[in-house]
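**Student:** To start, I am sharing the structure in question, which I have written as structure tokens.
The values are calculated or read from the model by the stated rules, or taken from the named source; none is laboratory data. Quick caveat, the model's predicted, so the values are computed rather than measured. FYI the Cβ positions are ideal-geometry reconstructions off the backbone, even for glycines, and counts take in every protein chain you see. Accessible surface areas use protein heavy atoms only, side chains included; no ligands, DNA or RNA. Shrake-Rupley method; radii C 1.70, N 1.55, O 1.52, S 1.80 Å.
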Amino acid sequence: MYHFSYGEIINDAGSTSRDRERLALDRSIELLREADQQGGESRVALEALLYVQRLWSLLLEDLARPGNDLPEKLRADLISIGFWILKEADITREDKARSFKGLIDISSIIRDGLK
């Protein structure tokens, strides 16, 4: 029977977490693109923005945890981006004519960085 070393388990856990984060970001991008096509007053727009806000609230909570293993500078940068995304989602929800492009672009960059 094969026994895993602690290092292998930790590396796999990190990889699995990144995969889940990437999938969640993929979903948010998909929703935002559909919302951008249907317009800011559509039900899809509201669902997309709420999904983005829930996702980034969870990500920010994880990034702020003292046990988060990411380098401090990277965590700080991601936290700043997360706050921008939350603010932009609020503004976009209030200004229904606003484009979703900025949210889509930044989310895509973050997602691609997880590969």
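**Student:** For LEU58 and SER99, FRET efficiency with R0 = 41 Å and r from the beta-carbon atoms, rounded to 0.05?
**Tutor:** Details: r = 25 Å, r/R0 = 0.61.
Calculated value: 0.95.
**Student:** Assign unit charges at the C-beta atoms only (+1 for Lys and Arg, -1 for Asp and Glu), then state the dipole size of the chain relative to its Cα centre in Debye, rounded to the nearest 20. If you can, show how the numbers build up before the last one.
**Tutor:** Details: 17 positive and 21 negative charges, 22 e Å.
It works out to roughly 100 debye.
**Student:** Turning to a different aspect of this structure: Can you give me the relative contact order of the chain as a percent, contacts being Cα pairs under 8 Å and 6 or more apart? Please report the intermediate quantities before stating the final value.
**Tutor:** On the way: 90 pairs, mean separation 42.5, N = 115.
Once divided by the residue count of the chain, the mean separation gives 37 percent.
**Student:** Can you give the accessible area per residue of segment 13-115, in Å², using a 1.4 Å probe?
**Tutor:** On the way: 6290 Å² over 103 residues.
On a per-residue basis, 61 Å².
**Student:** Let me ask something else about it. On a 0 to 90 degree scale, rounded to 10, what angle separates helix 72-94 from the longest Cα axis of the chain?
**Tutor:** Taking Cα atoms only, the helix is inclined about 20 degrees.
**Student:** With a cut-off of at most 13 other beta carbons within 10 Å, and DSSP calling the residue loop, which trypsin sites (Lys or Arg not before Pro) in segment 37-99 qualify? Please list them. Write down the numbers at each step before the final one.
**Tutor:** Values: sites: ARG43, ARG54, LYS73, ARG75, LYS87, ARG93, LYS96, ARG98; in loops: LYS96, ARG98.
Here the sparse-neighbourhood loop sites are LYS96.
**Student:** Additional query: Answer with one residue from SER42, GLY82, GLY113: the one whose Cα lies farthest towards the positive end of the charge dipole of the chain, charges on Cβ with Lys, Arg +1 and Asp, Glu -1.
**Tutor:** Of the candidates, SER42 comes out farthest on the positive side.
**Student:** Any idea what angle helix 6-38 forms with the longest principal axis of the chain, computed on alpha-carbon atoms, 0 to 90 degrees, nearest 10?
**Tutor:** Value to nearest ten degrees: 10.
**Student:** Work out the FRET efficiency for SER42 and LYS73 from their Cβ-Cβ distance, taking R0 = 25 Å, and round it to the nearest 0.05.
**Tutor:** Working: r = 38 Å, r/R0 = 1.54.
Efficiency, rounded to the nearest 0.05: 0.05.
**Student:** I would also like to ask the following. Provide, as a two-decimal number, the C-alpha radius of gyration of the chain over 2.2 N^0.38 Å, N being how many residues it has.
**Tutor:** Working: Rg = 16.2 Å, N = 115, 2.2 N^0.38 = 13.4 Å.
Here the answer is 1.21, to two decimals.
**Student:** Which of the lysines could be linked to LYS96 by a straight reach, that is with a Cα gap under 20 Å, when you skip same-chain ones fewer than 8 residues away?
**Tutor:** In chain and number order, the partners are LYS87.
**Student:** Shifting gears a bit: Helix 101-113 against the longest principal axis of the chain: what's the angle in degrees, Cα atoms only, rounded to the nearest 10?
**Tutor:** 10
**Student:** When the helices in the chain are scored as -39500 (n - 2.57) per DSSP H run of 4 or longer and the sum is shared across all residues, what 222 nm value do you end up with, to the nearest 500 deg cm²/dmol?
**Tutor:** Numbers: 4 runs with 91 residues, N = 115.
So the calculated ellipticity at 222 nm is -27500 deg cm²/dmol.
**Student:** With a 1.4 Å probe and every protein chain left in place, tell me how much accessible area GLU88 has, in Å² to the nearest 10.
**Tutor:** Accessible surface of GLU88 is approximately 20 Å².
**Student:** Under a 1.4 angstrom probe, counting protein chains only, how are ILE106, ILE29 ranked by accessible area, largest first?
**Tutor:** Numbers: ILE106 55, ILE29 0 Å².
So, going from the largest accessible area down, we get ILE106, ILE29.
**Student:** Then there is this: Considering only protein heavy atoms and a probe of 1.4 Å, how much of the accessible area of the chain is carbon and sulfur, as a whole percent? If you can, show how the numbers build up before the last one.
**Tutor:** On the way: 4240 of 7600 Å².
Taking all protein chains in place, the chain shows 56 percent carbon and sulfur surface.
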